[in-house]
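Step one of this worksheet: look at the structure below.
Every number in this text was worked out from the coordinates using simple rules, so none of it is lab data. These numbers were taken from a predicted model, which means no experiment stands behind them. Using ideal geometry, Cβ is built from the backbone for each residue, glycine included, and neighbour counts are taken over all protein chains shown.
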Amino acid sequence: MPPIFDIKKCSGCGLCDSICMADAIYLKDYEEKEIPFLKYPDECWHCGSCRQDCPEGAISIQFPPDMLSI
Amino acid sequence: MEILELSTDVLVIGGGLAGANTAMAAAEKGARVVVADKGNIDRSGDIGGGVDHFMAFLNQGQEWDTQDAFLSYVENVGRGTGHLSIIESVYCAELTDAIDRMARIGNPLTQADGSFYRTRSMGQPGPYWINFNGKRLKPRLGKAVRKLGCTVLDKVMMVDLLTHQGAVVGGLGFHVRSGNFYVIQAKATVIATGNTNRLYENPRINPFNTLLCPFDTGDGQIMALKAGAALTNMEYMRMTLLPKGFAAPGFNALVGMGGRFLNGLGEYYMEKHHTMGNRAPRYEVVYYTLEEIRKGHGPIYIDCRHLSQKDLDHLRASLGYDKDTLPDYFDQRGEDLGSKPVEITVSEGMQAGPTEVTGSGVKIDKNSASTVPGLFACGDASDHNRCVHGAVAGGYKAGKSAASYALGLKRVDSHPKSLTREEIDRFVAPLYRSSGYPYRQIEDPIRKIMAEHVGPMRSANSLRVGLKKLGDIERYLDEMKANDLHELMRTNETRSILSVGKIMATTALFRTESRNKPYHHRLDFPKTDNTNWCGLVVVQREGNELSCSFEATT
């Protein structure tokens with residue numbers, strides 16, 4: 001279920017939330033900052049925009065088993 | 001949840017590739033512009049994550065490289081699915097400006113050395129595809145649109161058009177995070193909402209695993225139809241070939257670079273079936289691939305092992321421009337184009353144009369105007385734009401025409417009456433139901449019915465059964481429940497998807513022949529009948545019914 005967020009690298013800027021065309025990424029409170037999470041994982045189109053635009057390089061892509069195994 | 005009222009010259013519904021070019025054109029003509037998009041115009045639409053191809057003739061000296069040759073190609077592959085005079089106006093006449101504009105916004109179509117990298121596929125007489133790096137095309141376009149002073153409404157889903165005295169005078173929408181409702185008065189409105197891509201049962205399980213943007217759900221076409229506009233070419237069910245588990249684009253790059261289609265018996269079947277072999281028109285490749293699978297000759301592969309290392313390197317890069325995550329997918333699945341054939345399959349069906357050069361959706365004229373005053377359309381939502389090249393060129397044409405129309409109106413004679421809270425509440429009703437069906441419980445059966453009854457093998461009987469079942473589902477639309485604003489957006493999309501399905505089945509029933517098989521393949525009328533059906537099926541709403549007519553192409 002891409003994307004995967006590296007919370008240590010994430011600055012909480014919210015750009016991934018803002019640009020996600022699926023409206024699948026949202027922010028939530030975490031310790032002293034806001035961090036992204038994938039609220040609607042089934043709706044990710046794997047467009048890669050969040051990974052491309054993340055200023056901290058905090059996003060990686062991992063495809064789910066249904067896509068890799070059929 | 002507030003009601004916000006805006007007034008503008010041009011309202012653009014959909015800020016993808018076409019809509020962003022529309023907004024640029026209208027603003028550059030001096031119009032006030034509002035752009036509304038369900039996503040964010042910096043990364044929304046079919047090419048939000050990137051793109052690698054643009055079709056063009058360039059007049060570089062070869063006989064196939066002229067406008068006349070290009071229009072002959074349109075005639076050959078389009079087979080009567082578009083008026084050449086309109087394509088000449090909304091694409092050919094805009095092409096030079098479109099290529100210059102791509103460079104102007106910082107995303108030229110050229111390589112680093114200034115040359116065009118051109119490849120040939122899909123029945124083209126010469127290499128019309130320009131291969132380029134468009135990974136940042138949308139962010140650059142978004143920046144250009146904002147710099148021109150357009151009002152950008154990101155994460156706003158438009159749900160209806162405002163009409164007054166027979167003209168479209170704006171639209172209604174809601175913000176998918178705040179819930180605020182927008183009532184936008186506009187002198188001209190442009191539909192730029194793409195195809196309908198979440199319409200058919202998905203062979204890869206997840207209905208959002210689609211070739212083209214799964215958030216393009218025909219909303220604009222349905223709004224236009226309700227406002228009185230005509231639609232055409234809605235009977236075509238587009239399909240393509242793509243990697244087995246991931247609906248990623250790449251067909252044109254793979255074939256353009258020399259990839260060969262291989263069946264499970266080790267035969268290069270397209271080279272046997274078609275004089276153009278692997279470079280045959282897309283619908284021909286899909287048709288023969290389906291035949292191979294039916295004969296038990298699957299699985300199907302794309303074979304690139306014979307390509308040079310240089311071509312393989314270019315191909316790998318290019319595939320990542322078209323779908324940023326496709327190289328990751330190949331890596332994680334253990335695929336390597338250079339060492340073994342990669343398994344591919346036929347995609348889900350889409351409601352989309354029958355070729356890469358003729359579209360479907362809102363019927364437009366040479367000025368991108370619909371059949372309703374004040375309403376224009378472009379990109380994949382219109383019947384004479386298609387693909388990236390159609391969106392860039394046709395989007396700009398629509399923006400110029402809409403601005404000219406809006407600025408030419410001396411004044412707005414009268415506004416529609418203000419909407420009441422009760423009228424707006426019908427769009428948000430699913431939020432307030434205490435119980436009801438999740439949108440997927442309505443949408444999944446629609447996709448199943450479309451695949452089984454309105455798919456690549458149709459007959460009058462199957463289409464009638466499909467229409468009956470779609471009609472049966474319709475009564476549940478008012479029983480959908482949304483738990484939040486995101487789900488409210490999806491329930492509105494479900495309504496559009498069902499309407500598109502009914503239109504598709506109705507128009508497919510009307511066209512009693514087959515054309516561009518398998519995109520419209522009637523088992524009871526398997527032959528193409530150019531005497532009676534070389535043209536467009538036009539569909540409009542009459543009361544609560546759909547009315548079809550035929551318009552011969554010229």
Task: Per-residue Cβ neighbour rank within 10 angstrom, fewest leading, B:His306, B:His175, B:His453 - done: B:His306, B:His175, B:His453
Open item on the list: Cut-off is 10 Å between beta-carbons; in what order do B:Val35, B:Val77 appear when sorted fewest neighbours first?
Closed with: B:Val77, B:Val35
TODO: Could you pull out the chymotrypsin sites (Phe, Trp or Tyr not before Pro) across the stretch B:64-103 that fall in loop regions by DSSP (anything but H, G, I, E, B) with no more than 16 other Cβ atoms inside 10 Å?
DONE: B:Trp64
- [ ] Work out the length of the dipole vector of the protein assembly as shown about its Cα centre, built from +1 on the beta-carbon of each Lys and Arg and -1 on the beta-carbon of each Asp and Glu, and round it to the nearest 20 debye.
- [x] 480
- [ ] Could you work out how far apart the two model spin labels at B:Arg305 and B:Gln111 are, taking each label as a point 7 Å from the Cα in the direction of the beta carbon, and quote it in nm?
- [x] 2.8
- [ ] Using only Cα atoms, locate the centre of the stretch B:157-175 and the centre of the stretch B:231-305, then give the distance between them in Å, rounded to an integer.
- [x] 41
TODO: With a cut-off of at most 15 other beta carbons within 10 Å, and DSSP calling the residue loop, which chymotrypsin sites (Phe, Trp or Tyr not before Pro) in the stretch B:159-250 qualify? Please list them.
DONE: none
Task: FRET E, pair A:Ile7, B:Asn530, Förster distance 51 Å, beta-carbon r, rounded to 0.05 - done: 0.25
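For B:Gly194, what is the net charge nearby, where nearby means another residue's Cβ is under 10 Å from its Cβ and Lys, Arg count +1, Asp, Glu -1? All intermediate terms of the calculation are to be shown ahead of the outcome.
Values: positive: none; negative: B:Asp46, B:Asp216, B:Asp219, B:Asp380.
Residues near B:Gly194 contribute -4 overall.
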TODO: Determine the calculated [θ] at 222 nm for chain B from helices alone, applying -39500 (n - 2.57) to every DSSP H run no shorter than 4 residues and normalising by the residue count; nearest 500 deg cm²/dmol.
DONE: -11000 deg cm²/dmol
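For the stretch B:454-554, run through the chymotrypsin sites (Phe, Trp or Tyr not before Pro) and keep only the ones in DSSP coil with at most 13 other Cβ atoms within 10 Å of their Cβ.
Hits after loop and neighbour filter: nothing returned.
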- [ ] Mind jotting down the distance between the C-alpha centroids of the stretch A:24-70 and the stretch B:8-68, whole Å?
- [x] 27
Open item on the list: Quick check on my link table: of B:Lys366/B:Lys410; B:Lys143/B:Lys363; B:Lys226/B:Lys468; B:Lys323/B:Lys363, which ones sit more than 25 Å apart, alpha carbon to alpha carbon?
Closed with: B:Lys143/B:Lys363; B:Lys323/B:Lys363
Open item on the list: Past 25 Å, Cα to Cα: identify those pairs from A:Lys39/B:Lys38; B:Lys272/B:Lys295; B:Lys38/B:Lys517, in the order given.
Closed with: B:Lys38/B:Lys517
TODO: Run a plain Debye calculation on chain B (Cα atoms as equal point scatterers, no solvent) and give log10 I(q)/I(0) at q = 0.08, 0.09, 0.11 Å⁻¹, rounded to two decimals, same order as the q list.
DONE: -0.48, -0.62, -0.95
Task: Cβ-based net charge around B:Asp52, under 12 Å, with every Lys or Arg adding one and every Asp or Glu removing one - done: +1
Task: 222 nm mean residue ellipticity, helices alone, for chain A (DSSP H n ≥ 4; -39,500 (n - 2.57); rounded to 500) - done: -4000 deg cm²/dmol
- [ ] Return the distance in nm (one decimal) between the two label points of a simple spin-label model at B:Ser339 and B:Gln67, each offset 7 Å from Cα along Cα→Cβ.
- [x] 5.1
Task: Among B:Ala398, B:Leu315, B:Thr325 - extreme Cα towards positive end, dipole of the stretch B:260-419, charges at beta-carbon - done: B:Ala398
Task: Ranked B:Thr81, B:Thr189, criterion: other C-beta atoms within 10 Å, fewest first - done: B:Thr81, B:Thr189
